[in-house]
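Below: one structure, written as structure tokens.
The values are calculated or read from the model by the stated rules, or taken from the named source; none is laboratory data. For clarity, every value in this text was computed on a predicted model and none was experimentally measured. No Cβ is skipped: glycine too gets one built from the backbone with ideal geometry, and neighbour counts run over all protein chains shown. We work out accessible area using only protein heavy atoms, side chains counted, and drop any ligands, DNA or RNA first. Shrake-Rupley method; radii C 1.70, N 1.55, O 1.52, S 1.80 Å.
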Amino acid sequence: MPSSSSPSKRPEVSVLDAAEAARVVAREIAELVRSKAARGERTVLGLATGKTPMGVYRELLRLHREQGLSFARVTTFNLDEFVGLRPDDPRSFRAWMRRELFDHVDLDPAHAHVPDGSGSPTTLDRECERYRERIRAAGGLDLQLLGIGKNGHIAFNEPGSSRDSRMRVVELAPTTRASLAAEFGALERVPIHGLTLGVADVLAARAIRLLAFGEGKRAILERALQAPIGPDVPATFLREHADVRWIADAAAAGHSR
Ligand code: F6R
């Protein structure tokens with residue numbers, strides 16, 4: 001397990017505005033993809049949905065269009081999905097990924113993985129096993145893109161999730177459901193459960209880039225960086241990873257301009 005030399009030390013944060021952060025992360029992804037492709041290897045990316053990574057996807061689309069960045073040798077695995085939505089439901093994370101990225105680049109749909117949350121509880125356990133097996137077979141995640149929930153969740157690992165949690169069905173926290181109410185039209189329509197990679201699955205990625213933008217993420221970012229490492233704030237576990245980069249804009253980092 002990768003472990004930093006002193007996880008209790010407050011990690012450094014790269015303070016960049018959202019557009020610059022998107023360019024920096026997209027450039028890193030593009031360099032990784034190009035250097036691995038030059039060696040005939042595929043790059044395995046862990047992807048997130050939500051507002052935070054949108055700029056990175058937009059920048060990747062630009063690099064694809066204007067600089068010929070090819071996704072032909074890329075495999076992607078999304079972090080999570082809602083339980084009870086079919087993959088073609090426009091509110092699913094798969095549909096969101098198609099709109100934001102998949103449909104606009106030369107990524108083979110067979111290599112663009114999003115958990116399928118449409119099954120019953122027993123088939124969903126099998127889906128979790130299958131999904132983790134696919135990540136293993138692909139050689140593991142080279143780089144995981146992450147956002148952070150206002151309650152400190154990473155993926156759908158809500159507070160209470162342990163360091164060794166694996167992919168599973170989880171109940172979404174009330175604050176997580178509330179933050180999704182607008183997209184679903186009403187709080188009651190937001191799914192109650194999600195399917196998520198576990199904390200241990202996320203930490204198994206070789207590199208992690210966590211992004212946080214806006215005043216609304218300031219308090220939780222501070223806790224993720226400072227609070228004791230543990231399940232109360234699942235994002236604190238990232239401090240145990242040897243190659244994590246924390247990137248935040250001035251508002252989230254608590255810097256005045
Ligand atoms: C999404 C995900 C979530 C989000 C988090 C922040 O795939 O796993 O953990 O990263 O809820 O969401 P935004 O970016 O919308 O603030």
Probe 1.4 Å, protein heavy atoms only - accessible area per residue of the chain in square angstrom = 46 Å²
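Within the set K36/K150; K51/K217; K9/K150, which residue pairs have Cα atoms separated by over 24 Å?
K36/K150
Around E183, what is the net charge, scoring Lys/Arg as +1 and Asp/Glu as -1 over all other residues with Cβ under 13 Å from its Cβ?
Charge balance near E183 sits at +4.
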Any idea what Rg and Dmax come out to for the stretch 1-127 if you just take the C-alpha atoms, in Å?
-> 16.6, 45
If you put +1 on each Lys and Arg Cβ and -1 on each Asp and Glu Cβ, how big is the dipole of the stretch 13-253 around its Cα centre, in Debye rounded to 20?
-> 320 debye
Go through H104, H64 and list them by solvent-accessible area, largest first, probe radius 1.4 Å.
-> H104, H64
On the accessible surface of the stretch 129-235, probed at 1.4 Å, how many percent belong to carbon and sulfur atoms?
-> 52 percent
Directionally averaged shadow of the stretch 23-75, computed from the convex hull of its alpha-carbon atoms, nm² = 3.5 nm²
State the volume of the convex hull built on the alpha-carbon positions of the stretch 74-158, expressed per residue in Å³ and rounded to an integer.
-> 111 Å³
Just report the Cα centroid separation between the stretch 47-107 and the stretch 164-239, whole Å.
-> 19 Å
At a probe size of 1.4 Å, how large is the accessible area of R42, to the nearest 10 Å²?
-> 80 Å²
In whole angstrom, largest first, the equivalent ellipsoid semi-axes that the Cα gyration tensor gives for the chain are 24, 24, 19
Extension gain from R189 to S120, taking 0.36 nm per residue of separation minus the Cα-Cα distance | 23.0 nm
